[in-house]
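Chemist: This is the structure I have questions about; it appears just below.
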Protein chains: 2
Amino acid sequence: MLLSLMANTQHDTLSLLFAALADPTRRAVIDALLDGPKPVSALAAPHDMALPSFLKHVDRLEGAGVITTRKDGRVRLCQLHPEALGSAEQWLNRARDRWAGKLDRLAAHLDATAQETKQ
Amino acid sequence: MLLSLMANTQHDTLSLLFAALADPTRRAVIDALLDGPKPVSALAAPHDMALPSFLKHVDRLEGAGVITTRKDGRVRLCQLHPEALGSAEQWLNRARDRWAGKLDRLAAHLDATAQETKQ
DNA sequence: CAAAAACTTAGCCATATGGGTAACTAAATG
DNA sequence: CATTTAGTTACCCATATGGCTAAGTTTTTG
C-alpha cells in the first residue's frame, strides 16, 4: 500500500450520473433539452458564464451519458437521452422500496406482538 | 465584477442532495441505514478507510439532510431520513413527465398531419 | 475573400473533495 | 484508576471542479 493506485474519482456510472445532476447549470441544461435538441450556444445563452466554462458542463453531461452531441457544420447540437436518468431513478426507487418493506415488517411485528399480548 | 463574490459550491438543497448521492461510499451508508439506525463505527467497518475520512462522508450526508445523528454516550448514532431523497425523485419524475408530454405532443402532431394528408 | 459566428484548445486560478496521520477528549470497562 | 473504545480535531496532500482569458480553428456570410 506504499503506492496508492488511487485513480479514484467516482468513475462508476451512477456516481457520474448523480454528480452530473449535482449542479444547477447542468440541471437547467437538461431541462432546456427536454424540449428537443439545441446547439451549445442556445443552451449557453441564459447562463452568464464564458463559453469554455459552459462547455465543461456540456462535457460532463455527455460523460455521464445524459446527452450526446454531434457536429453540424460549425454548430454542435446537443440531444438529451432521458433513459440515462433511469439508473438514478432506479437507485432511489429501490431505496424507497426497501424502506417501505422495513416499515411493513415493523408493522407486522407490532401486530404479532399485539396478538400475543391479547392471549 | 473585479471581485468575485463567488461563494459558489452548489449550496442549494437539490445540488447538495445529488452530490451526496454521487459517491459509492455514501450510497452504501444510505443502504446500510435502510435497516435502521447504526453507530458511525458500525457503518464505517466495511469501508477500508480511516475513521476521520469516513466521518466526512457522514457529515456530507447530514449536510444534505439525508441522515441525522445524535450522540448516545460515546457513540454517535446515525439515522436515515428517506423523505429527504424525495426532492431528487421529484426532479427526476418531473423530467420524465415533461419528456413523456413532449412525446405525446409529437404523436398528436404526427396524427394531425396524417389526417390532413388523407383529406 | 474578409469578417463574423460558433466553437475549441490551452492554460491559469481558487476552492472543494476525498483520502491520510497524529494527537486529543470523553465514556465505558476490567 | 488504568485502559479501551468511539469519536473528534487539527492538520496535510493530491486531484477534481468550476470559473476565467487568450488565442486558435472551422464554417458561414456579406
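The values are calculated or read from the model by the stated rules, or taken from the named source; none is laboratory data. This structure is a prediction, so every number in the text was calculated from the model and none was measured. Every residue, glycine among them, receives a Cβ derived from its backbone with ideal geometry; neighbour counts consider all protein chains shown.
Chemist: Checking A:L17 against (1) in contact with a His (Cβ under 9 Å, 6 or more places away or on another chain); (2) crowded, with 19+ Cβ neighbours inside 10 Å; (3) not β-branched (V, I, T), which single condition isn't satisfied?
Modeler: Result: A:L17 fails condition (1) only.
Chemist: Give the number of residues within the range A:18-29 that are part of a loop (DSSP other than H, G, I, E, B) and either closer than 18 Å to B:N93 by Cβ or away from DNA strand C (no atom under 13 Å from the Cβ) (or both).
Modeler: Total satisfying the criteria: 1.
Chemist: Kindly provide the set of residues from the range B:68-97 that are assigned to a helix (DSSP H, G or I), of a type in the set (K, R) and surrounded by fewer than 15 Cβ atoms within 10 Å (Cβ to Cβ), ordered by number.
Modeler: B:R94
Chemist: If you take the residues in the range B:71-90 that are over 20 Å from A:K102 (Cβ atoms) and within 12 Å of DNA strand D (Cβ to nearest atom), which one is farthest from the other protein chains (Cβ to nearest Cβ)?
Modeler: Taking the candidates together, the pick is B:R74.
Chemist: Further question on the same structure: For the range B:28-47, which positions are more than 11 Å from chain A (Cβ to nearest Cβ) and touching a residue at least 40 places away in the same chain (Cβ under 8 Å)?
Modeler: Across the range B:28-47, the qualifying residues are B:V29, B:P37, B:K38.
Chemist: Go over the candidates B:G63, B:G36 one by one and state the one that is over 22 Å from A:R105 (Cα atoms) and not hydrophobic (A, V, I, L, M, F, W, C).
Modeler: None of the others qualify; the one that does is B:G63.
Chemist: With more than 25 Å from A:R26 (Cβ to Cβ) and among the small types (G, A, S) as the only criterion, which of B:G73, B:G86, B:G65 stands out?
Modeler: Going through B:G73, B:G86, B:G65 in turn, just one is more than 25 Å from A:R26 (Cβ to Cβ) and among the small types (G, A, S): B:G73.
Chemist: OK, next. Every residue in the range A:30-47 that is in a loop (DSSP other than H, G, I, E, B), at negative phi and either exposed (fewer than 13 other Cβ atoms within 10 Å of the Cβ) or among the hydroxyl-bearing types (S, T, Y) (or both), please.
Modeler: Hits for the range A:30-47 are A:D35, A:A45, A:P46.
Chemist: Quickly run through the range A:8-17 and pick out the residues that are assigned to a helix (DSSP H, G or I) and either more than 10 Å from DNA strand C (Cβ to nearest atom) or farther than 22 Å from B:D48 by Cβ (or both).
Modeler: A:T13, A:L14, A:L16, A:L17, listed by residue number.
Chemist: Say whether the condition of being at pLDDT 95 or above, more than 9 Å from DNA strand C (Cβ to nearest atom) and surrounded by 14 or more Cβ atoms within 10 Å (Cβ to Cβ) is met by at least one residue in the range B:102-112.
Modeler: No, every residue in the range B:102-112 fails to be at pLDDT 95 or above, more than 9 Å from DNA strand C (Cβ to nearest atom) and surrounded by 14 or more Cβ atoms within 10 Å (Cβ to Cβ).
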